[in-house]
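Some notes on the structure that comes next.
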Ligand code: FES
């Protein structure tokens, strides 16, 4: 059985320029929005899989697509959500759509936590 996705308005398209990242709460969940170089928009869990530090406070390199967490320097490729260092971890990815002038994030209505945690 497929899970129902509920779409929430996150931000105006004009408020997330190419190369920008943004943290925000969407539908009660902490989300990291990313507008990648090349135009694709992604949404991931907003806090680090290591400890609950906001990823948007890390160091973001829009050219490589890699974000370095401000907590302990774990690195994530925001083109895919996978961990670069340490390998093996990943970020939960939400569905995203553009509807008119709004970027919308889809929250699965499955009653589960959309936060992947990872320990070394
Ligand atoms: S909290 Fe992100 S690397 Fe430790």
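Bear in mind that the values in this text are calculations on the coordinates, not laboratory data. Here the structure is a predicted model, which means the values were calculated and not measured. Note that we place each Cβ from the backbone using ideal geometry, even for glycine, and neighbour counts take in every protein chain shown.
Quick notes
- Contour excess over end-to-end distance, with Cα ends at residue 120 and residue 7 and 0.36 nm allotted per residue: 37.3 nm
- Scattering profile of the chain at q = 0.12, 0.14 Å⁻¹ [log10 I(q)/I(0), Debye over alpha-carbon scatterers]: -0.40, -0.54
- Ordering 4, 93 by the number of other Cβ atoms within 10 Å of each residue's own Cβ, fewest first, gives 4, 93.
- The GNM of the chain, with springs linking C-alpha atoms under 10 angstrom apart, assigns the highest mean-square fluctuation among 109, 45, 30 to 109.
- Global form of region 53-120, assessed from the alpha-carbon gyration tensor, a/c cut-off 1.5: oblate
- Likely footprinting exposure, 17, 7, 60, 74, fewest C-beta neighbours within 10 Å first: 17, 7, 60, 74
- By the count of other C-beta atoms within 10 Å, a proxy for reagent exposure, 113, 37, 119 are ordered fewest to most as 119, 113, 37.
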